[in-house]
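The values are calculated or read from the model by the stated rules, or taken from the named source; none is laboratory data. Since this is a predicted model, take the numbers as computed values, not measurements. Heads up, the Cβs are rebuilt from the backbone with ideal geometry, glycines too, and the neighbour counts pull from every protein chain shown. Ligands, DNA and RNA are stripped out before the accessible areas are found, and what is left, the full protein with its side chains, is counted by its heavy atoms. Shrake-Rupley method; radii C 1.70, N 1.55, O 1.52, S 1.80 Å.
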Amino acid sequence: KISGLVKHFGGVKAVDGVDMAVERNTVHALIGPNGSGKTSLLNVLSGIYRPTAGHIDFDGEDITHLKPHQRAGHGLGRTFQNIRLFTDVNVLDNVKIGAERPHNVIGGGAALHRHALAALEFVGLANRAFEAVGSMSYGHQRLVEIARALAGNPKLLLLDEPGAGLNHAEKDGLVLLLQRLKGHGLTIVIVDHDMHLVERVADRITVLNLDRKSTRLNSSHANI
């Protein structure tokens, strides 16, 4: 639950008084024109930006002032608008980074390996675990980034334009993946400009305009 969330950079209002509630085990889409504050809002939610004002309640706990790694420990995972992978190492080692949580580290390298492989299996890339990320297609790198976020066993997954740069077949695969994730009980907040993709996956849509939430709609598949 987001209450009165504000993020200003000097005189620039990146996020200005947003209220939003995300229901458990739903796909909640965040849409709006360029510059409306969508990525800034995700950055505040994940702890990369500190809010100027407002509160963030996650699973019954106030996480407004927690650092990114602390939020990750509470079960919040994310991907980025611009892919952020280590291209000079293999797929498995990239995903292991996402699995480095206290409950996994206690089990040593075997536990990290197991969680990373399970995440890769879920996105269909377990057979490419030892390939260099830099040799993979853009669409597969998107899947590696999602696997890295999944390896941390999140309760809430923030996806920043996961469909960007994907072809039609890859977007169809992404839709199926998101539906499977929801079916496994994961809650997802997705930012994307492809309204066809959004309408296929979202249970609820929040529209940002001029840095503020203007309206909220159910998606077409949920019977607007």
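Among the residues of segment 22-59, those that are modelled with pLDDT under 95, open to solvent by 30 Å² or more (accessible area, probe 1.4 Å) and within 17 Å of residue 190 (Cβ to Cβ) comprise 33, 34, 39. Summed over segment 20-71, the residues that are closer than 20 Å to residue 149 by Cα and either in a strand (DSSP E or B) or over 18 Å from the mean Cα position of the chain (by Cα) (or both) give a count of 5. Counting only residues that are under 18 Å from residue 20 (Cβ atoms) and of a type in the set (S, T, N, Q), which one in segment 154-209 is most open to solvent (accessible area, probe 1.4 Å)? Residue satisfying both the conditions and the ranking: 209.
Yes/no matrix, rows are residues, columns are (1) under 14 Å from the mean Cα position of the chain (by Cα); (2) more than 30 Å from residue 88 (Cα to Cα); (3) at pLDDT below 95:
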| position | (1), (2), (3) |
| --- | --- |
| 134 | no, no, yes |
| 155 | yes, no, no |
| 160 | yes, no, no |
| 181 | yes, no, no |
| 189 | yes, no, no |
| 209 | no, yes, yes |
| 212 | no, yes, yes |
| 217 | no, yes, yes |
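In segment 162-179, which residues are closer than 25 Å to residue 93 by Cα, outside any loop (DSSP other than H, G, I, E, B) and either of a type in the set (A, V, I, L, M, F, W, C) or touching an Asp or Glu at 6+ places or on another chain (Cβ under 7 Å) (or both)? Those that are closer than 25 Å to residue 93 by Cα, outside any loop (DSSP other than H, G, I, E, B) and either of a type in the set (A, V, I, L, M, F, W, C) or touching an Asp or Glu at 6+ places or on another chain (Cβ under 7 Å) (or both): 174, 177, 178. Annotation: residue 130 fulfils all but one of (1) open to solvent by 50 Å² or more (accessible area, probe 1.4 Å); (2) of a type outside the set (Gly, Ala, Ser); (3) modelled with pLDDT of 95 or more; (4) not in a loop (DSSP other than H, G, I, E, B); the unmet one is (4).
Condition check ((1) in contact (Cβ under 8 Å) with a residue 40 or more places away in the chain; (2) within 13 Å of residue 197 (Cβ to Cβ); (3) among the aromatic types (Phe, Trp, Tyr)) across all residues:
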position	(1), (2), (3)
118	no, no, no
133	yes, no, no
139	no, no, no
145	yes, no, no
163	no, yes, no
